[in-house]
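One structure is given below, encoded as structure tokens.
Computed from the coordinates by the stated procedures, all read-outs in this text should not be read as laboratory data. As the structure is a prediction and not an experimental result, all values here were calculated from the model. Every residue, glycine among them, receives a Cβ derived from its backbone with ideal geometry; neighbour counts consider all protein chains shown.
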Amino acid sequence: MGPAVSLLAEVRLALGALDLEAALEAEAGEVVAVVGPNGAGKTTLLRALAGLVALAGGRVVLGGRVLDDPEASIWVPTEQRSIGYVFQDYLLFPHLSALDNVAFGPRCRGVDRVGARSLARSWLERFGLAEVVGHRPASLSGGQAQRVALARALATEPRLLLLDEPLAALDASTRDGVRADLRRHLATFDGACVLVTHDPVDALLLAKRLVVLEGGSVTQRGLAAEVAAAPRSPWVAELVGVNLWRGRGRGDGIELAGGGWVAAPSAGTGEVFAVIHPRSVALHRRRPEGTPRNVWRGRAEAVELLGDRARVRVLLDDRVPLAAEVTPAAVADLALGAGGEVWVSVKATEVRVHPA
């Protein structure tokens, strides 16, 4: 591998209806995940880093070398950027064997045919693909094709690795194993890596830091655990599977922006977010006894089974959505599948609050 380097990028461009303005940095040996809804500009950002989309402003610097700076009239062609790129659908050359797909990059960088094929064979063996070196892409499984694409990207010893939804094309039975392999290989990569994904499991297991891109702008960034603990938009809350409400802190509770009250100790003052984990939400068919501080009436809208849990979508006051996670037994006992009126309770101590 080449020397450890880092990425510093500020990307400004317009492409169709998308106005993209995003700053990004990745340290040597670090994986940064870019997440966001469809159309947010995630793939366009990767393509800009690779030099496949022109910048209108900003700059891209890799290991101290300026790759793109429109104001200074600097632009380094893609093939000279020391970048490995794994596309969502892999884009393996259909007429070449796995061996020659991986050897393609080194050949383009001046390695002779024998040397390039020897290097490619060692990479395929490293990925456990020695038995498919002569196979063409059409005969590979999804997991094998993903590994070949990653081997092809790494065979050029890039300083920056770009991964665009690398596991999206895999079926559920294959994804877990390939994700574990990918995580292991990324742990040994000493360059910077930028991963685009829509899957929260991929983002949280593979990346150290997250950058949230919504509507072409960065809305949140930070360590993966920090972003998961303190989401700042409904999309991020959905990504990490929690409920998020916005309001104004009033000391021991929050006055919600759309009306209503949530009791929460030390809510403070000013604009805040209230985070409630679905497992902290209790459901009842009758108003619960005692004096719980957060009790609301709602309507059960839908039930989704998630392994040993069930996620119930409840609509409070016909307008405020709330997700609850209960056991399948509770779904049966409360007849939640039939919908209808329910009562919701949440302990005040289970409401996390952070500034908006």
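General observations
- Label point 7 Å beyond Cα of Ala229 along Cβ direction - residues of segment 304-325 with amide nitrogen under 13 Å: none
- Nitroxide proxy distance, nm - points 7 Å out along Cα→Cβ at Arg65 and Ser173: 4.4
- Normalising the Debye intensity of segment 103-144 to I(0), with uniform scatterers on Cα atoms only, and taking log10 at q = 0.16, 0.22 Å⁻¹ returns -0.43, -0.75.
- FRET efficiency for Arg250 and Arg287, using Cβ-Cβ distance with R0 set to 25 Å, rounded to 0.05: 0.55
- For segment 160-176, 3J(HN,Hα) computed residue by residue from phi via the Karplus equation (6.51, -1.76, 1.60; θ = phi - 60°) reads 9, 10, 10, 10, 9, 6, x, 10, 5, 7, 8, 6, 4, 6, 9, 4, 4 Hz, glycine and proline entered as x.
- Acute angle (nearest 10 degrees) that the helix 98-108 long axis makes with the longest principal axis of the chain, alpha-carbon atoms: 70
- Taking the charge dipole of segment 7-237 about its Cα centre, with +1 at Lys and Arg Cβ atoms and -1 at Asp and Glu Cβ atoms, the residue from Leu91, Pro77, Thr156 reaching farthest to the positive side is Thr156.
- The peptide list 299-311, 208-220, put in order of mean Cβ contacts within 10 Å with the highest first, becomes 208-220, 299-311.
- Segment 280-322 - convex hull of the alpha-carbon atoms, volume per residue in Å³: 90
- Computed Rg/Rh of segment 95-224, alpha carbon atoms with Kirkwood Rh: 1.00
- Amide N proximity, segment 305-341 versus Arg279 label position 7 Å along Cα-to-Cβ, cut-off under 18 Å: 305-313, 323-331
- Cα radius of gyration and Dmax for segment 241-355 (Å): 13.9, 42
- Residue exposure proxy: Lys347, Lys42, ordered by other Cβ atoms within 10 angstrom of their Cβ from fewest to most, comes out as Lys347, Lys42.
- Dipole of segment 241-355 computed with +1 at Lys/Arg Cβ and -1 at Asp/Glu Cβ about the Cα centre; of Pro288, Gly337, Pro265, farthest Cα towards the positive end is Pro265.
- Rg(Cα)/(2.2 N^0.38 Å) for the chain, N = residue count: 1.18
- Taking the alpha carbon gyration tensor of segment 30-178, multiplying each eigenvalue by 5 and rooting it gives semi-axes of 28, 20, 12 Å, largest first.
- Value at 222 nm in deg cm²/dmol, rounded to 500, when DSSP H runs of n ≥ 4 in the chain each add -39,500 (n - 2.57): -7000 deg cm²/dmol
- Rounded to the nearest 20 debye, dipole of segment 241-355 from Cβ charges on Lys, Arg, Asp, Glu: 120
- Acute angle (nearest 10 degrees) that the helix 113-126 long axis makes with the longest principal axis of the chain, alpha-carbon atoms: 30
- Put the Cα centre of segment 322-339 next to the Cα centre of segment 269-283 and the gap is 20 Å.
- Between the Cα long axis of helix 142-154 and the first principal axis of the chain there is an angle of about 60°, rounded to the nearest 10.
- Residue with peak Gaussian network fluctuation, the chain [Cα springs, cutoff 10 Å], from Asp171, Asp89, Asp199: Asp171
- Theoretical gain in end-to-end length, Glu301 to Ser266 [0.36 nm per residue, Cα-Cα removed]: 9.4 nm
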